[in-house]
1. Of a type in the set (A, V, I, L, M, F, W, C), at pLDDT 90 or above, under 16 Å from ARG75 (Cα atoms) and under 21 Å from the mean Cα position of the chain (by Cα): does that describe ALA136?
2. Count, please, the residues in region 125-138 that happen to be open to solvent by less than 20 Å² (accessible area, probe 1.4 Å) and out of contact with any Pro (no Cβ under 9 Å at 6 or more places or on another chain).
3. Please pick out the residue among GLY141, GLY145 that is more than 17 Å from ARG87 (Cβ to Cβ) and crowded, with 19+ Cβ neighbours inside 10 Å.
4. Could you check how many residues of region 1-33 are modelled with pLDDT under 85, under 29 Å from LEU146 (Cβ atoms), open to solvent by less than 100 Å² (accessible area, probe 1.4 Å) and among the aliphatic types (A, V, I, L, M)?
5. Those residues that are at pLDDT 80 or above and open to solvent by 90 Å² or more (accessible area, probe 1.4 Å), I need them from region 55-87; list them, please.
6. Specify the residue that is farthest from LYS59 (Cα to Cα); the eligible residues are those in region 34-48 that are out of contact with any helix residue (DSSP H, G or I) (no Cβ under 6 Å at 6 or more places or on another chain) and surrounded by 10 or more Cβ atoms within 10 Å (Cβ to Cβ).
7. I need a count of the residues in region 1-60 that are within 27 Å of HIS140 (Cα to Cα) and of a type in the set (D, E, K, R).
Amino acid sequence: YGRPVLGTEASLASLAAADVAALHARAYEGGNLTVVAVGDFDAQGLRARATAAFGALPKGRVSCGAPAPALEGPRATLAVSDAGDERLALGFRFAADDPERLAAVDVLAATLAHGGAGRLPRELGQNRQLARAVRATVFHGRDAGLLVVDVSLVAGRAEEAVRATVAEV
């Protein structure tokens, strides 16, 4: 969420075969593996099958890259559908290494947009008539989190809605 997923043209052009082999050795180890199972299954049987399939991997350690670069202020994206519907997404990155901070951002998201009773639906929708719907969600990764405010806009009032949303957040 903070870097190009597939790399940049410059970073890919600078890779040598030895770089790719070193990354493979570092990344494909037990500490970086997660097995997810969904449905009705026998847990002991699944554990035995997972151990047989992945048990030979080196244990290693969890490796994550350098922290994402710092951003100043929110990032905004405005999307307009073929039908002319406008949708605004505002993202606010935060450090997610502190459980209390993460909990505070969760509370902020609920305060901003819980159901139709949050601050943003009331201010943007009822009071200013700028939005038809508002949602706020929180994502947290290993080194950073992201609060996303998603606003279905009344057409033609995007700039005003961005200013009002940032002011409320």
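1. Details: of a type in the set (A, V, I, L, M, F, W, C): yes; at pLDDT 90 or above: yes; under 16 Å from ARG75 (Cα atoms): yes; under 21 Å from the mean Cα position of the chain (by Cα): yes.
Answer is yes for this residue.
2. Adding up the residues that qualify gives 2.
3. Working: GLY141 fails: crowded, with 19+ Cβ neighbours inside 10 Å.
Answer to the selection: GLY145.
4. Matching residues across region 1-33 total 3.
5. Result: ALA56, ARG87.
6. Our first condition is that a residue be out of contact with any helix residue (DSSP H, G or I) (no Cβ under 6 Å at 6 or more places or on another chain); within region 34-48, this holds for 34, 36, 38-48.
Those still in the list that are surrounded by 10 or more Cβ atoms within 10 Å (Cβ to Cβ) too: 41, 46-48.
Numbers: PHE41: 26, LEU46: 19, ARG47: 16, ALA48: 17 Å.
Checking each candidate, the answer is PHE41.
7. Count: 4.
The values are calculated or read from the model by the stated rules, or taken from the named source; none is laboratory data. A quick note: this is a predicted structure, and the numbers were derived from the prediction, not measured. Cβ sites come from the backbone with ideal geometry, for glycine too, and all protein chains shown count toward neighbours. SASA here: full protein model, heavy atoms, side chains in, ligands and nucleic acids out. Shrake-Rupley method; radii C 1.70, N 1.55, O 1.52, S 1.80 Å.
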